[in-house]
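To start, the structure itself, in structure tokens.
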Amino acid sequence: MRRKWLFVLVALSIVLLVSGCGNGGTAATGAAKDTGGVEKAAVKENTEPVTLTLFMNNLISDADLERELYEPLKKKYPYITVEATMNGGENKIENLITAGTPPDLFNYYVGAMGNIIKLGLVEDITPMLKKNKIDLSRFQQVMIDSVRAASDKGELYGLPRYSNTVALYYNKDIFDKFGVPYPKDGLNWDQTLEIAKKVSRSDGGVNYYGLSGDSLYRPSFIYSLSPVDPKTNKASINNDHWRKVLELDRNIFSIPGNLPDPISLVNSGVKRFTETRDLAMLASVNNLRQIEPAAAKGFNWDLAQYPFFPDKPNVGGMVDVHVIGVSKTSKHKDAAMKVVELMTSDEVQLIAARQSAAASPLNNKEMQKQFGAEAPYLKGKNVQAFFKSKAAPAPQFSLYLNDAKKVFTPMFTDYVAGKSDLNTFIREAEDAINKKMEDVVGK
């Protein structure tokens with residue numbers, strides 16, 4: 001009798017064990033229980049081959065794309081192919097939409113996102129972030145805030161992929177030629193102007209220019225300025241901070257011998273610094289991809305901290321963030337989100353920092369420490385100058401900022417070249433911006 005009960009107990013144990021294995025094997029077999037106790041199949045990752053399109057509104061080299069996108073993509077998501085289109089010429093986002101081929105992904109400077117917002121290409125990606133378990137705390141909060149500022153509702157239309165930093169580049173040969181000490185970290189704009197006066201000279205039939213920027217707008221970023229109020233879509237240049245910026249730009253090019261001829265102030269500084277090499281100092285973002293070819297030919301240069309206004313000590317530029325996002329119109333949002341996740345991952349961001357000298361928006365301090373570590377042309381350079389200054393918060397930009405710039409920029413250039421006084425310029429520029437806004441808002 002005892003043996004019979006022992007047999008029954010063993011048999012019962014086997015049944016329970018088998019039953020337990022069945023329930024415990026749910027994850028392994030792809031089944032899961034919902035709250036009602038009904039088994040359902042777990043969602044499996046779709047690994048069907050898919051080709052996505054990416055619109056790059058900002059320049060990026062083929063080498064950077066290869067190491068920051070194509071190579072990592074082959075390793076982690078080999079079934080996803082991305083075809084990138086660079087903005088320029090006929091390759092405009094409007095043309096793609098008109099042709100019925102809007103991109104799956106976009107990469108935009110946050111201040112230029114008004115264009116794709118108006119075109120209906122964006123949406124809040126918060127649900128996609130939750131679905132893909134993407135942790136926003138990995139990013140610097142100021143970067144996330146700057147992306148949210150593109151939306152009047154504080155929505156998130158993408159993730160920060162990288163952020164421009166600023167520094168003062170200088171041509172060591174020009175300083176050596178005239179026996180002027182190199183600029184150091186910690187200069188304000190007044191001190192930088194004094195140095196520029198010493199190296200703005202003509203020698204041996206060559207004009208040497210002391211100082212330029214890569215854009216007349218760059219100093220305005222220190223005060224988080226924009227020429228258009230995003231709430232009223234009216235001109236917002238008649239204030240003390242804009243006056244300081246306008247006076248600075250005018251003072252830079254009022255230095256005898258420092259006004260280029262023919263007058264080409266907007267985006268001309270980089271070319272004069274890297275190609276003709278007749279510019280002593282360039283106050284600019286990390287234009288290192290444009291420095292590299294010159295450095296390979298023996299260009300003798302280095303870096304110092306970006307100059308600041310006395311009332312904004314150690315503030316250089318603003319959060320100049322570039323955003324990677326999934327288009328609202330994409331038919332492959334899950335795959336596109338994987339690309340966003342990959343390009344903002346620690347692994348890819350570290351590759352970008354070390355090899356491409358791209359400033360990362362992540363909280364990871366290793367990105368800054370290893371900035372440019374694998375770029376031979378940066379060996380011995382003061383690359384930490386890019387991180388000496390704090391960045392001002394990015395403002396909310398008007399959706400019509402680019403429209404305003406079309407009329408404001410040429411007037412700005414003429415003013416800096418001495419064609420009008422400050423008060424006249426502000427009055428005429430306000431009128432021109434407001435008229436332009438009346439023409440485009442509401443269309």
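The values are calculated or read from the model by the stated rules, or taken from the named source; none is laboratory data. None of these values were measured; they are calculated from a predicted model. Cβ atoms come from the backbone with ideal geometry, glycine included; neighbour counts cover every protein chain shown.
Within the stretch 183-192, the set of residues being touching a strand residue (DSSP E or B) at 6+ places or on another chain (Cβ under 6 Å) and either under 20 Å from ARG272 (Cα atoms) or in a helix (DSSP H, G or I) (or both) comprises PRO183 only. With respect to the conditions (1) under 20 Å from PHE221 (Cα atoms); (2) at pLDDT 95 or above, LEU362 lacks only one, and its number is (1).
Are there any pairs, at least 6 apart or on different chains, whose C-beta atoms fall under 8 Å, with the first in the stretch 75-92 and over 19 Å from ASP62 (Cα atoms) and the second part of a strand (DSSP E or B) and at pLDDT 95 or above, and if so, which? Note: pairs meeting the criteria are TYR79/VAL50. Out of curiosity, is VAL180 assigned by TED's automatic domain parsing to the domain that holds PRO310, more than 31 Å from the chain's Cα centre (by Cα) and at pLDDT 95 or above? Answer is yes for this residue.
Let's see how each residue does on (1) touching a helix residue (DSSP H, G or I) at 6+ places or on another chain (Cβ under 7 Å); (2) at pLDDT below 90; (3) at positive phi; (4) surrounded by 11 or more Cβ atoms within 10 Å (Cβ to Cβ):
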{"position": "LEU17", "(1), (2), (3), (4)": "no, yes, no, no"}
{"position": "GLY25", "(1), (2), (3), (4)": "no, yes, no, yes"}
{"position": "GLU39", "(1), (2), (3), (4)": "no, yes, no, yes"}
{"position": "LYS44", "(1), (2), (3), (4)": "no, yes, no, no"}
{"position": "VAL50", "(1), (2), (3), (4)": "yes, no, no, yes"}
{"position": "THR53", "(1), (2), (3), (4)": "no, no, no, yes"}
{"position": "ASN58", "(1), (2), (3), (4)": "no, yes, no, yes"}
{"position": "ALA99", "(1), (2), (3), (4)": "no, no, no, no"}
{"position": "PRO103", "(1), (2), (3), (4)": "yes, no, no, yes"}
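Could you look through the stretch 392-412, keep only residues that are assigned to a loop (DSSP other than H, G, I, E, B) and of a type in the set (A, V, I, L, M), and pick out the one that is surrounded by the most Cβ atoms within 10 Å (Cβ to Cβ)? The qualifying residue surrounded by the most Cβ atoms within 10 Å (Cβ to Cβ) is ALA394. Restricting attention to the stretch 105-125 and to residues that are buried (at least 20 other Cβ atoms within 10 Å of the Cβ) and of a type in the set (Val, Ile, Thr), the residue that is modelled with the lowest pLDDT turns out to be VAL110. Scanning the stretch 64-111 for residues that are among the acidic types (Asp, Glu) and under 27 Å from ALA149 (Cα atoms) turns up GLU68, GLU94, ASP104. Taking first residues from the stretch 283-299 that are hydrophobic (A, V, I, L, M, F, W, C) and partners that are outside any helix (DSSP H, G or I), the Cβ contacts under 6 Å between residues at least 6 apart in sequence or on separate chains come to ALA283/LEU168; ALA283/GLY213; VAL285/ASN164; VAL285/VAL166; LEU288/ALA357.
Quick grid of which residues meet (1) touching an Asp or Glu at 6+ places or on another chain (Cβ under 6 Å); (2) surrounded by fewer than 22 Cβ atoms within 10 Å (Cβ to Cβ); (3) at negative phi:
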site	(1), (2), (3)
PRO256	no, yes, yes
VAL270	yes, yes, yes
GLU275	no, yes, yes
PHE299	no, yes, yes
LYS312	no, yes, yes
GLY316	no, no, yes
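Candidates ASP334, ASP302: the one that is of a type in the set (D, E, K, R) and not in a helix (DSSP H, G or I) is ASP302. In the stretch 193-216, which residues are touching a residue at least 40 places away in the same chain (Cβ under 8 Å) and assigned to a loop (DSSP other than H, G, I, E, B)? Answer for the stretch 193-216, where residues must be touching a residue at least 40 places away in the same chain (Cβ under 8 Å) and assigned to a loop (DSSP other than H, G, I, E, B): SER200, ASP214, SER215, LEU216. ARG138: touching a strand residue (DSSP E or B) at 6+ places or on another chain (Cβ under 7 Å), over 19 Å from LEU54 (Cα atoms) and not assigned by TED's automatic domain parsing to the domain that holds ILE291, yes or no? Taking the combined requirement at face value, the residue satisfies it.
For THR165, the criteria (1) among the polar types (S, T, N, Q); (2) over 20 Å from the mean Cα position of the chain (by Cα); (3) surrounded by 22 or more Cβ atoms within 10 Å (Cβ to Cβ) hold in every case but one, which is (2).
Residues in the stretch 236-252 that are polar (S, T, N, Q) and either part of a helix (DSSP H, G or I) or surrounded by 20 or more Cβ atoms within 10 Å (Cβ to Cβ) (or both): SER236, ASN251. Number of residues in the stretch 272-284 that are touching a strand residue (DSSP E or B) at 6+ places or on another chain (Cβ under 9 Å) and either modelled with pLDDT under 90 or of a type outside the set (A, V, I, L, M, F, W, C) (or both) equals 5. Counting residues in the stretch 162-170 that are within 30 Å of VAL348 (Cβ to Cβ) and among the β-branched types (Val, Ile, Thr) gives one or more. The residues in the stretch 131-160 that are without any contact (Cβ under 8 Å) to a residue 12 or more places away in the chain, within 16 Å of HIS322 (Cα to Cα) and charged (D, E, K, R) can be counted, and the count is 1. Only one of these conditions is not met by LEU350: (1) of a type outside the set (Lys, Arg); (2) buried (at least 18 other Cβ atoms within 10 Å of the Cβ); (3) under 17 Å from the mean Cα position of the chain (by Cα); (4) not in a strand (DSSP E or B). Which number is it? LEU350 satisfies all of (1) of a type outside the set (Lys, Arg); (2) buried (at least 18 other Cβ atoms within 10 Å of the Cβ); (3) under 17 Å from the mean Cα position of the chain (by Cα); (4) not in a strand (DSSP E or B) except (2).
Applying the set (1) buried (at least 20 other Cβ atoms within 10 Å of the Cβ); (2) out of contact with any Phe, Trp or Tyr (no Cβ under 6 Å at 6 or more places or on another chain) to ASP334 leaves exactly one unmet item: (1).
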